[in-house]
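To start, the structure itself, in structure tokens.
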Amino acid sequence: MARVGQVKLSAGERLSDRIAIGVLTRAFPPGLVDEVIAETGRVEQRSRLLPARVVVYFVLAMCLFFGQGYEEVARLLGEGIGDGRRSWRVPTTAAIGRARRRLGVEPLRLLFARVCRPLAVPETAGAWYRGRRLVAVDGTTLDLADTEANDAFFGRPGTGRGTGAFPQARVVGLAECGTHAMFGAEVGPLSMGEQTLSRRLFVQLEAGMLLLADRGFYGFELWQHARATGADLLWRVRKSANLPVVRILSDGSYLSAVHAERDRRTRRNPVTVRVVEYTLARTGDSTVYRLITTLLDPTEAPAAELAALYAQRWEIETTLDEIKTHQRGPKLVLRSKYPWGVEQEIYGFLLVHHAIRQLMHEAALHEDLDPDRLSFTRSLRVVRRQVPAQAALSPPADSPGH
């Protein structure tokens, strides 16, 4: 079902035509895959039925057709591998598991770093605020296979009755609000908080971006770390935050100062921020929302605009839902039994999501639409129908037949 604000395009419209491409090889060309394999030292020393390049595409296909068994995913890929003169022998589940272990996570992580970038161009509707690229940070958790290895490395959530049924991995991502393209991600155990993981992500920020974040992310050190990248910030803070009024501005916002923990009593080394406070009057919600921003000039960024703009932070919530609910499937557990496989699988999901969102962005530009007007669920179904026939993998030179 499409989200509120989306429309499903009919079968005859251009989205299907634009997206009906071998998404895996189009987004991740074989030459690039070979490069990351070589750079991560995963090139085989002998010929195999499952060479590293094919295993990379297998992991991606596994994350596109989540819920299918290993051998069924291999059959789907085999439809693209066969060349009409010979067939590709479908590997066993055990052989695929060994091939995934040989590959490891590094090629998928490097492929993500090479390919996954913000997609919006100046013509992209809904991606900009006064020339700044809107991006957001947020985190989520994923249920993992209930194994001793996953439990020991990732941990389980606490519950009122003890611990949760499954180990969980924590994932924190950076996404472009207008296109839902994830361009930064960090994976860690539950014991590693969102602030810790997000600090690693902020190397992806740069001048010309405006980063939105929920109140769980604010901390002086993290704020300063993000601010040092040159990006502008618009973060919600908790109502308990101490934000003294230094100067009231013309639009009702005010300048304040934040301090490092060691300087709070003495008020030394203040960092100036602008505070925007508002309530959602139309909904009857009496909650006071408090935002702080690096945009200090109300003529450059009026308070009313910033209050409305903060709602764009929900786009990363939708992005995470697309991955967890639609790609993976609701309440499904990742299949990997070991931490290396969990991380490999998560990067596979992120890569496939980016490939689909890239095609959706191109389709939206072609039709002069806001990308939010296209249905991710429908696009995912179209890609799943098209990939088996258009995977365009080259079979190994000595692939055995039946």
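The values are calculated or read from the model by the stated rules, or taken from the named source; none is laboratory data. Everything quoted here is computed from the prediction, not taken from an experiment. Glycine also receives a Cβ, built like all others from the backbone with ideal geometry; neighbour counts cover every protein chain displayed.
Does the stretch 254-265 contain any residue that is of a type in the set (Ser, Thr, Tyr) and under 31 Å from the mean Cα position of the chain (by Cα)? Outline the logic, then answer.
First, the residues of the stretch 254-265 that are of a type in the set (Ser, Thr, Tyr): 254, 256.
If we keep only those that are under 31 Å from the mean Cα position of the chain (by Cα) too, we end up with none.
No, the stretch 254-265 contains no residue that is of a type in the set (Ser, Thr, Tyr) and under 31 Å from the mean Cα position of the chain (by Cα).
Out of (1) free of Cβ contacts under 8 Å to residues at least 60 places away in the same chain; (2) farther than 21 Å from residue 335 by Cβ; (3) surrounded by 19 or more Cβ atoms within 10 Å (Cβ to Cβ), the odd one out for residue 181 is which?
Just one mismatch for residue 181, condition (1).
Among the residues in the stretch 119-137, are any closer than 21 Å to residue 328 by Cβ, in contact with a Gly (Cβ under 9 Å, 6 or more places away or on another chain) and surrounded by fewer than 20 Cβ atoms within 10 Å (Cβ to Cβ)?
No, every residue in the stretch 119-137 fails to be closer than 21 Å to residue 328 by Cβ, in contact with a Gly (Cβ under 9 Å, 6 or more places away or on another chain) and surrounded by fewer than 20 Cβ atoms within 10 Å (Cβ to Cβ).
Report, ordered by the first and then the second residue, all pairs with beta carbons closer than 7 Å, sequence separation of six or more or different chains, a first member in the stretch 262-277 that is modelled with pLDDT under 85, and a second member that is of a type in the set (S, T, N, Q).
Once the first residue is modelled with pLDDT under 85 and sits in the stretch 262-277, its partners that are of a type in the set (S, T, N, Q) give 263/269.
Kindly evaluate residue 241 against the criterion of being within 21 Å of residue 310 (Cβ to Cβ), touching a strand residue (DSSP E or B) at 6+ places or on another chain (Cβ under 8 Å), modelled with pLDDT under 95 and in the same structural domain as residue 309 (by TED's automatic domain parsing).
On the way: within 21 Å of residue 310 (Cβ to Cβ): yes; touching a strand residue (DSSP E or B) at 6+ places or on another chain (Cβ under 8 Å): yes; modelled with pLDDT under 95: yes; in the same structural domain as residue 309 (by TED's automatic domain parsing): yes.
Yes; evaluated as a whole, the condition is true for this residue.
Would you confirm, using the coordinates I've provided, whether residue 292 is farther than 26 Å from residue 141 by Cβ and not polar (S, T, N, Q)?
Numbers: farther than 26 Å from residue 141 by Cβ: yes; not polar (S, T, N, Q): yes.
Against the criterion (farther than 26 Å from residue 141 by Cβ and not polar (S, T, N, Q)), residue 292 qualifies.
This table checks each residue for (1) touching a Pro at 6+ places or on another chain (Cβ under 8 Å); (2) at pLDDT 95 or above; (3) buried (at least 18 other Cβ atoms within 10 Å of the Cβ).
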| position | (1), (2), (3) |
| --- | --- |
| 300 | no, yes, no |
| 306 | no, yes, yes |
| 317 | no, yes, no |
| 323 | no, yes, yes |
| 329 | no, no, no |
| 337 | no, yes, no |
| 344 | no, yes, yes |
